[in-house]
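Inspection log for the structure reproduced underneath, given as structure tokens.
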Amino acid sequence: MNAQLPAPRSKWPGRLVNLAVVLLVLALAAATFVLSYAGVHAIVLQAGVSAQPARLYPGVFDAVLVIACVAALMLRDACWWARLYAWLVIIAVVAVVGAADAVHAMNVVLPHRTTEGVVAAAGRARLQLDADHLPASARSTRRRRRAGQRRRRTRGRPGTAAGT
């Protein structure tokens with residue numbers, strides 16, 4: 001019996017799609033940073049943070065957004081709650097940055113003590129989000145890699161669907 005194995009598929013279309021996704025995420029992050037910098041920076045200064053660290057806070061939100069976007073893409077084959085968590089973080093970061101821009105645009109003066117507490121918690125929240133996303137993304141990638149290796153090992157063996 002001559003079983004015809006399918007011709008090997010080219011990996012270039014998949015790699016081009018991955019490159020397009022990476023470029024899209026970077027463009028989203030750059031646009032978010034440019035559009036949100038003034039609002040977040042003003043809110044952080046209003047909270048009493050000195051000028052030097054205040055320049056970094058808009059980047060903190062953008063880093064969380066990029067990590068959440070990458071996690072949402074990497075977790076596309078993961079369980080539903082991991083995907084939901086990544087998307088909720090994306091929505092929350094966009095909402096927080098949008099609210100900061102709106103408050104800045106309307107020249108609203110926020111209560112100093114409350115704003116101070118929220119700004120202080122933002123750094124810790126970022127660390128917690130990163131600590132949650134990265135291990136979940138790594139587990140999902142390892143699972144996919146192992147599943148791919150199992151498929152390659154069983155391909156062509158007698159008694160398997162490809163080898164009969």
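The values are calculated or read from the model by the stated rules, or taken from the named source; none is laboratory data. All values derive from a computational prediction rather than experimental measurement. Here the Cβ positions follow ideal geometry from the backbone for every residue, glycine too, while neighbour counts run over all protein chains shown.
Remarks
- Summed over segment 6-25, the residues that are under 18 Å from Val93 (Cβ atoms) and free of Cβ contacts under 8 Å to residues at least 40 places away in the same chain give a count of 1.
- All positions within segment 46-60 that are in contact (Cβ under 8 Å) with a residue 12 or more places away in the chain, in a helix (DSSP H, G or I) and farther than 14 Å from Leu26 by Cα: Gln46, Ala54, Tyr57, Pro58, Val60
- Filtered residues of segment 36-49 (kept if touching an Asp or Glu at 6+ places or on another chain (Cβ under 7 Å) and surrounded by fewer than 17 Cβ atoms within 10 Å (Cβ to Cβ)): Gly48
- Of residues in segment 61-93 being touching a residue at least 24 places away in the same chain (Cβ under 8 Å) and charged (D, E, K, R), the one farthest from Gly39 (Cα to Cα): Asp77
- Condition check for Val108: modelled with pLDDT of 85 or more and either buried (at least 19 other Cβ atoms within 10 Å of the Cβ) or touching a Cys at 6+ places or on another chain (Cβ under 7 Å) (or both): no
- Filter result for Gln4 (farther than 23 Å from Ala131 by Cβ and surrounded by 10 or more Cβ atoms within 10 Å (Cβ to Cβ)): no
- Per the conditions (1) in a loop (DSSP other than H, G, I, E, B); (2) modelled with pLDDT of 85 or more; (3) surrounded by fewer than 18 Cβ atoms within 10 Å (Cβ to Cβ), the sole criterion not satisfied by Leu84 is (1).
- Put simply, of Val103, Val97, Val17 the only residue that is farther than 21 Å from Leu127 by Cα, part of a helix (DSSP H, G or I), in contact with a Leu (Cβ under 9 Å, 6 or more places away or on another chain) and modelled with pLDDT of 85 or more is Val103.
- Residue within segment 20-38 that is within 23 Å of Leu127 (Cβ to Cβ), part of a loop (DSSP other than H, G, I, E, B) and at pLDDT 85 or above present: no
- For Asp101, the criteria (1) under 15 Å from Val119 (Cα atoms); (2) surrounded by 19 or more Cβ atoms within 10 Å (Cβ to Cβ) hold in every case but one, which is (2).
- Within this structure, Val96 fails the test of being farther than 17 Å from Gln128 by Cα and of a type in the set (A, V, I, L, M, F, W, C).
- Restricting segment 50-80 to residues that are within 14 Å of the chain's Cα centre (by Cα) and among the charged types (D, E, K, R), the residue that is surrounded by the fewest Cβ atoms within 10 Å (Cβ to Cβ): Arg76
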